[in-house]
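Let me begin by presenting the structure, written as structure tokens, before commenting on it.
The values are calculated or read from the model by the stated rules, or taken from the named source; none is laboratory data. Quick caveat: nothing in here was measured; it's all calculated off a predicted structure. Counting neighbours? That spans all protein chains shown, and the Cβs are built from the backbone with ideal geometry, glycine included. SASA here: full protein model, heavy atoms, side chains in, ligands and nucleic acids out. Shrake-Rupley method; radii C 1.70, N 1.55, O 1.52, S 1.80 Å.
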Amino acid sequence: MMRHSRPLVGLAILCVAGLTLQASSQSRPPAPPRRPPDVLLGMSIAAETAGLAEPFKGVTTNGKIEQGLFHIASTGVSTEPVRVATEAFLASLTPLQRAKTLLSVYDDEWRKWMNQSFFVRQGVSFLEMSDAQREAAFGVLRAALSARGLQLTRDIMRLNDTLAELTDDNFDEYGEWQYYMTVMGVPSATEPWGFQFDGHHGIVNYFVLGDQVVMSPLFSGSEPVVAGFGKYKGTSILQNEQNQALALVNALDERGRAKAILKFSKTGDENLAEAWKDNVVIDYAGIRATELPEAQLQQLVGVIELYVGNMDDGHAHVKMKEVLQHMDRTYFAWVGKTEPGSVFYYRIQSPVVLIEFDHQKPVGMRHLLDPSVPSTEHVHTVLRTPNGNDYGKDLLRQHYERAHSSAG
């Protein structure tokens with residue numbers, strides 16, 4: 001009898017094109033062993049200690065912040081809905097829950113997010129919330145996000161449940177409710193504040209100053225990205241972000257492809273700006289947006305809109321106006337092949353936005369797929385605001401300087 005390796009057994013069970021999985025855990029290879037709480041805590045402390053070793057500067061192309069990109073100015077788009085929703089959420093909490101959820105707007109909690117499952121998080125978890133508290137928390141997300149952004153966030157949570165099912169019901173580490181809310185600063189119409197939604201593959205950092213909003217870093221991903229069985233069978237995410245970018249690179253002419261494609265080999269994880277990478281230096285690479293023919297330029301804008309459009313419609317429109325002002329300094333870069341079903345990475349970068357999409361190696365599903373090569377079933381995306389304005393830090397700095405100047 002021919003004996004197959006474990007990855008081949010996994011592939012016989014898992015059809016990546018549609019993620020067709022046998023529902024019975026007895027028919028799947030055993031999941032990786034569960035990690036005890038003390039191990040997870042130790043890993044979290046180590047990650048946080050290393051990640052916060054440097055004070056915040058921001059993502060740059062050369063280690064130097066480009067000044068004058070962001071300004072305190074009215075957008076004309078109200079932030080009252082998210083403020084009212086957040087006040088209602090805080091009011092729904094018990095005193096003990098509120099004490100661990102409400103932090104200073106200057107707190108390092110902004111930077112303490114992580115897309116990996118093991119991280120021990122702050123705030124109040126959906127797992128411990130009552131139904132009414134969960135609804136209040138979703139009310140915050142509903143006010144802050146577009147309908148598409150809210151759908152994406154909920155589906156990330158649901159697919160985390162699918163991952164728990166795929167790992168022999170490991171709901172200690174995965175699951176729909178393993179997500180946390182924190183609020184930084186007291187919700188206000190005039191003073192700076194914000195909130196953070198944080199969990200495995202789903203992170204929203206949402207800073208508010210008056211009617212201005214900065215929603216970054218924003219992390220969206222999943223493993224798997226399509227649920228072929230289980231409680232949330234049929235759920236899928238990030239297919240447009242994948243397919244529209246693939247269509248864009250394939251629409252380029254030979255000269256455009258030569259500039260955009262950095263390499264065809266994609267053997268590992270490529271994302272550069274994930275958790276704890278607030279100060280990463282990433283130089284521009286690929287093809288400049290203004291070198292693209294009009295049709296491909298509009299395709300590129302459409303891909304950017306997929307990410308920016310996760311925030312509420314009014315503030316997404318404000319952000320897109322900012323992005324479009326810098327198209328002469330916007331670059332599109334690609335790593336990987338370009339055939340249907342290929343694994344790849346792409347990056348869109350300008351002075352005011354950084355977007356990454358990456359097919360990654362299996363982690364939670366490494367017992368089902370070959371863990372040595374990237375898979376289309378494990379996707380990470382990240383959106384950042386370079387040059388010091390992630391978490392609204394540059395606006396916060398300007399507000400602080402104005403306040404002290406006025407007081408002086």
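Is at least one residue of segment 393-400 of a type in the set (Ser, Thr, Tyr) and either open to solvent by less than 10 Å² (accessible area, probe 1.4 Å) or touching a strand residue (DSSP E or B) at 6+ places or on another chain (Cβ under 9 Å) (or both)? No, the conditions are met nowhere in segment 393-400.
Counting only residues that are in contact with a Gly (Cβ under 8 Å, 6 or more places away or on another chain), surrounded by fewer than 24 Cβ atoms within 10 Å (Cβ to Cβ) and more than 19 Å from residue 348 (Cβ to Cβ), segment 217-246 holds 2 of them.
Restricting segment 28-75 to residues that are open to solvent by less than 50 Å² (accessible area, probe 1.4 Å) and not in a loop (DSSP other than H, G, I, E, B) leaves a set whose member that is farthest from residue 170 (Cα to Cα) is 60. Against the list (1) closer than 22 Å to residue 111 by Cα; (2) among the β-branched types (Val, Ile, Thr); (3) surrounded by fewer than 20 Cβ atoms within 10 Å (Cβ to Cβ), the condition residue 214 fails is (3). Residues considered: 306, 369. Of these, the only one that is in contact with an Asp or Glu (Cβ under 8 Å, 6 or more places away or on another chain) and part of a loop (DSSP other than H, G, I, E, B) is 369.
Filtering segment 323-349 to residues that are surrounded by 23 or more Cβ atoms within 10 Å (Cβ to Cβ) and part of a loop (DSSP other than H, G, I, E, B) leaves only 330. For first residues located in segment 49-74 and farther than 16 Å from residue 396 by Cβ and in contact (Cβ under 8 Å) with a residue 40 or more places away in the chain, partners that are among the hydroxyl-bearing types (Ser, Thr, Tyr) and part of a loop (DSSP other than H, G, I, E, B) and lie 6+ apart or on another chain with Cβ distances below 9 Å form the pairs 59/385; 61/284. Only one entry of 357, 264, 344, 332 meets the criterion of being in contact with an Asp or Glu (Cβ under 9 Å, 6 or more places away or on another chain), aromatic (Phe, Trp, Tyr) and farther than 18 Å from residue 216 by Cβ, and that entry is 344. When you look at residue 342, is it polar (S, T, N, Q) and in contact with a Lys or Arg (Cβ under 6 Å, 6 or more places away or on another chain), yes or no? Against the criterion (polar (S, T, N, Q) and in contact with a Lys or Arg (Cβ under 6 Å, 6 or more places away or on another chain)), residue 342 does not qualify.
Against the criterion of being out of contact with any His (no Cβ under 7 Å at 6 or more places or on another chain), surrounded by fewer than 19 Cβ atoms within 10 Å (Cβ to Cβ) and not in a loop (DSSP other than H, G, I, E, B), residue 268 does not qualify. Hey, any hits in segment 238-250 for a residue that's in contact (Cβ under 8 Å) with a residue 12 or more places away in the chain, over 26 Å from residue 142 (Cβ atoms) and among the small types (Gly, Ala, Ser)? For segment 238-250, residues in contact (Cβ under 8 Å) with a residue 12 or more places away in the chain, over 26 Å from residue 142 (Cβ atoms) and among the small types (Gly, Ala, Ser): present.
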